[in-house]
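Presented below is the structure to which this report refers.
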Amino acid sequence: MKTPDRKGHGKKPDCGETMKVRFWGTRGSVPVPGKDTLVYGGNTCCVEIDLECGKKVIIDTGTGIRVLGDRMIKGEEKVEVHLLLTHGHWDHLQGFPFFDPIFNPATKIFVDGTPKCMKGLRAIFENKVGDIFFPVRFGELRARISYIDKLSHGPLRIENTLIEAIPLHHPQGGLGFRFQEDDKKLVFITDNELTEEAPAGMRPGDYARFCRDADVLIHDCQFTQDEMPKHRGWGHSDYAKTLDLALRAHAKRLILFHHAPARKDPEVTAIVANCQDLATERSADVVVEAAREGSELIL
Ligand SMILES: [Zn+2]
Ligand SMILES: [Zn+2]
């Protein structure tokens, strides 16, 4: 992964070149700025995808979306995005009030994702406990924000990109997403516990079918195997289970995502090395990396 030009002023999304993914927030649960998270980042979940057709998708509005919003405004890009929400936990919503394009009347945001996601976005601004969280009400936002509500019922098509969803195994549910554009396949699944003991939910085999032949698979990897016994039912996976999914699906590149808040940079690096060793032991040629805030990958 290379580090993008964060300033990128005046640049329009690239058209007709390639699909690009940029990580603006890679952390799970809570933002953790500071010296221990300089490499992989401390902001919570936010990922930007520039489709080959020139359209832009943002997944989740964790705290990473603030910097993305600043860049979009400084770049004077006309902000027109599809915003896909995996679920409504705080670490996936809390940056939305600080995404400055919502205060610009020229902005258009098409929201889709998990059922109730629109309710979650509104609840940040309008709640039933006395409007104490934020001084602006949802109705006062200047952007045009519309809820398209397709992905929980079937596929969503953006020009020649087909986006499909799969339910997460996570407390209170959620959705993971698969993007197919021409011959490129990207899968993004976070906040997902891979286990055979998911009687009402999806099992690893179901996810492997969904992720089959992904060029890039971005998946939750909050825990190590040692940490799992105390965290079963939390809705997150360890790196061995995540690697197992990548191998079953024949994914070419695995990006570990949703780093635990207490995980320091060298510990994330060690997880990647362990994971790559496990892949080598199994004679698999998948490339393993950890999502790094500010980095970009190209499909
Ligand atoms: Zn999360
Ligand atoms: Zn969650």
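Points worth noting:
- Any hit, the range 123-136, residues being of a type in the set (Lys, Arg) and at pLDDT below 95: yes
- Flag for Gly201 being part of a loop (DSSP other than H, G, I, E, B) and at pLDDT below 95: yes
- Boolean, Gly41 is part of a loop (DSSP other than H, G, I, E, B) and modelled with pLDDT of 95 or more: yes
- Taking the range 212-232 as the range and being aliphatic (A, V, I, L, M) and within 16 Å of ligand 1 (Cβ to nearest atom) as the test, only Ile218 passes.
- Subset of the range 153-185 [without any contact (Cβ under 8 Å) to a residue 40 or more places away in the chain and in a loop (DSSP other than H, G, I, E, B)]: His153, Gly154, Pro155, Asp183
- Selection of the range 290-299 for residues being closer than 14 Å to Lys252 by Cβ and either surrounded by 18 or more Cβ atoms within 10 Å (Cβ to Cβ) or of a type in the set (Phe, Trp, Tyr) (or both) yields Leu297, Leu299.
- Residues in the range 233-270 that are within 16 Å of ligand 1 (Cβ to nearest atom) and surrounded by fewer than 18 Cβ atoms within 10 Å (Cβ to Cβ) were compared, and the one that is farthest from Arg209 (Cα to Cα) is Ala262.
- Which listed residue is away from ligand 2 (no atom under 16 Å from the Cβ), among the aromatic types (Phe, Trp, Tyr) and touching a helix residue (DSSP H, G or I) at 6+ places or on another chain (Cβ under 7 Å), from Phe99, Phe179: Phe99
The values are calculated or read from the model by the stated rules, or taken from the named source; none is laboratory data. Note that this is a predicted model, so its numbers are computed, not measured. Note that we place each Cβ from the backbone using ideal geometry, even for glycine, and neighbour counts take in every protein chain shown.
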